[in-house]
Amino acid sequence: MPAFSLEPQQQAWCAELRTLAAERLRPVAEKGEPGRVDRALLAQLGRLGLLERLFTSGALDLCLMRESLAHGCTEAETALALQGLGAHPVHAHGTPAQRARWLPAVADGSAVAAFALSERAAGSDAAALTLRADPDPGAGGGAGRGWRLTGEKCWISNAPEADFYTVFARTAPGAGSRGITAFLVPADRPGLTGSALDMLSPHPIGALAFDGVPVTADDVLGEADRGFRVAMGTLNLFRPSVGAFAVGMAQAALEATLAHTARRDAFGGKLSDLQTVAHQVAEMALRTEAARLMVYAAATAYDDGAPGVPRRAAMAKLLATETAQYVVDTAVQLHGARALRRGHLLEHLYREVRAPRIYEGASEVQRGIIAKELYAETPPPAGEAP
């Protein structure tokens, strides 16, 4: 299937999702408390079968879900995405027992998942994380090898209200990215505490403290000391879909701007009659469509196992999130003061659109990934040693 063309059934599914977001999910989301996990919204996502699709869909379908939900209800989009981010390592790398214990509950919305990678001094540089997993033979019990987790995590979505965390900790000091292990840590483990952070973005974000939290070989996701691959594999899947989230917001802002400028009286006509306004709207549409196509291309490359997935994923996230920031900001400018009033669609989008340029790898990190991949793919000039 060409990356630039959706099949009719995909287009129909996207339309259905936009309707569900506006008519069945937004009313539930509006009753939620900003900055808190909305379990009623998760339950509704579960009843609609959307959470289960996190484990049965490819990257392109994930992007279509996120874009379509974001168009009508960003809270529902984010709730779905955070479930996927936290649970994907369990789906992809968990043991049969781990998957059986947690994935059905994630799919029906009764268990909340979280992805615990970032730290105060290891956000963009994830390989520099310092949460320690100190060997503790006594903690292993019948499982054999055991560790105690000591340190902190920060900027963790769904913390501290999640029911389990995919936690990345250092099991081999001084080994960089090669000495990190991924653990599945239930929230009720002794020594694990958390606190909420009051952030601009309305979805829940918090910090976690680990005071000798016991984990065993039964809690490892994948292989010991190979957890960085678990983290990067998860991000390679979800980065294009962060771009899809951004495209959904940009599309909503574009449509609101088209409607507003076509009916707003100004300077003896409509705002849309002013060439400067019309050209700004055209630029908004151009950038949104370009970002959408790059997101679809990156997701299709992931699904096809094509080369260059990290570069494509980084490009998609970078272009789409920067584009959404531009489109939403321009939409606010063209709407004027009304767009800054609390409760206005654009006021909401303006708060939502800023965070994706930072989380799951800031824009600067994406540029670094793109450059690294490009140089790695470029052979040295003829006659020169590599």
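The values are calculated or read from the model by the stated rules, or taken from the named source; none is laboratory data. Being a predicted model, the structure only gives us computed values, none of them experimental. Using ideal geometry, Cβ is built from the backbone for each residue, glycine included, and neighbour counts are taken over all protein chains shown.
For (1) touching a helix residue (DSSP H, G or I) at 6+ places or on another chain (Cβ under 8 Å); (2) part of a helix (DSSP H, G or I); (3) in contact (Cβ under 8 Å) with a residue 24 or more places away in the chain; (4) not acidic (Asp, Glu), each residue gets a yes or a no:
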| site | (1), (2), (3), (4) |
| --- | --- |
| LEU319 | yes, yes, yes, yes |
| GLN325 | yes, yes, yes, yes |
| ARG354 | yes, yes, yes, yes |
| TYR359 | yes, no, yes, yes |
| GLY368 | no, yes, no, yes |
| request: Tell me, please, whether a residue that is modelled with pLDDT of 95 or more and more than 23 Å from SER201 (Cβ to Cβ) can be found in the stretch 316-333. | output: no
| message | Among the residues of the stretch 227-241, are any free of Cβ contacts under 8 Å to residues at least 12 places away in the same chain and either farther than 19 Å from MET294 by Cα or of a type outside the set (Phe, Trp, Tyr) (or both)? | response | yes
| request: Determine whether the stretch 149-163 contains at least one residue that is touching a Pro at 6+ places or on another chain (Cβ under 6 Å), polar (S, T, N, Q) and buried (at least 22 other Cβ atoms within 10 Å of the Cβ). | output: yes
| said: Being surrounded by fewer than 17 Cβ atoms within 10 Å (Cβ to Cβ), under 27 Å from HIS260 (Cα atoms) and either among the aliphatic types (A, V, I, L, M) or not assigned by TED's automatic domain parsing to the domain that holds ASP125 (or both) is the requirement here; does ALA320 meet it? | reply: no
| note | Scanning the stretch 357-371 residue by residue, the ones that are among the acidic types (Asp, Glu) and modelled with pLDDT under 90 total 1
| remark: Within the stretch 81-99, residues surrounded by 24 or more Cβ atoms within 10 Å (Cβ to Cβ) and either closer than 21 Å to ALA291 by Cβ or among the basic types (Lys, Arg) (or both) come out as ALA81, GLY84, LEU85
| said: Cβ-Cβ distance below 7 Å, separation of 6 or more or different chains: which pairs start in the stretch 262-275 with a residue that is within 17 Å of VAL332 (Cβ to Cβ) and not assigned by TED's automatic domain parsing to the domain that holds THR330 and end on one that is surrounded by fewer than 10 Cβ atoms within 10 Å (Cβ to Cβ) and at pLDDT 90 or above? | reply: none
| query | Regarding ARG351, is this residue buried (at least 16 other Cβ atoms within 10 Å of the Cβ) and either more than 26 Å from SER201 (Cα to Cα) or touching a Leu at 6+ places or on another chain (Cβ under 7 Å) (or both)? | reply | yes
| Any chance ALA301 is more than 29 Å from ARG26 (Cβ to Cβ), in contact with a helix residue (DSSP H, G or I) (Cβ under 6 Å, 6 or more places away or on another chain) and part of a helix (DSSP H, G or I) | yes
| task | Please state which one of ALA331, ALA371 is of a type in the set (A, V, I, L, M, F, W, C), crowded, with 16+ Cβ neighbours inside 10 Å and either at negative phi or in the same structural domain as THR261 (by TED's automatic domain parsing) (or both). | result | ALA331
